[in-house]
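Undergrad: The structure follows.
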Amino acid sequence: MRRLLVIAIVMTAACGGGADAPSCQQALGHYYSAGCTYFDQTETPPPQIPQNEMVAFCQFAASEAPDSCQDDLDAWLECNDAVPDMATSNADCDCSNAYMALLRCD
């Protein structure tokens, strides 16, 4: 039993231990400071969405999304927070899969 407990503790530490996702402000602040941005794809040409608008959207999603969408929200926040500090390409900034999963969640 003790051996099983030690293995569980090691696995939890190795997998991040269920650490909390970053806040909307932290994740999007990092994303935008890395040189990344979101665009409004409903307009041509697509204008940039200011950081404060994305933070407001994120906070709204965090407060209104059902519990079943929490993993999608966390994945999107973690993606935003994980972009390289000085993104050099669109690929560095690509959190579109996580963002779309959050938008489709219900």
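None of the figures in this text is laboratory data; all of them are computed from the coordinates on show. Here the structure is a predicted model, which is why all the values come from computation and not from measurement. So basically every Cβ, Gly included, is an ideal-geometry build from the backbone, and we count neighbours across all protein chains shown.
Undergrad: Counting only other residues whose beta carbon sits under 12 Å from that of SER23, what net charge do I get with K and R as +1, D and E as -1?
TA: -4
Undergrad: Please list, ordered by chain and number, the residues whose modelled amide H lies under 5 Å from the amide H of TYR38; skip anything fewer than 5 residues away on the same chain.
TA: Amide H neighbours of TYR38: ILE49.
Undergrad: Taking the simple approach of a point 7 Å from Cα along Cα-to-Cβ for both ASP106 and GLU43, what is their distance in nm?
TA: It works out to 2.8 nm between the two label points.
Undergrad: Could you give the length gained by full extension between ASP20 and ALA56, i.e. 0.36 nm per residue of separation minus their alpha carbon distance, to one decimal place?
TA: 11.0 nm
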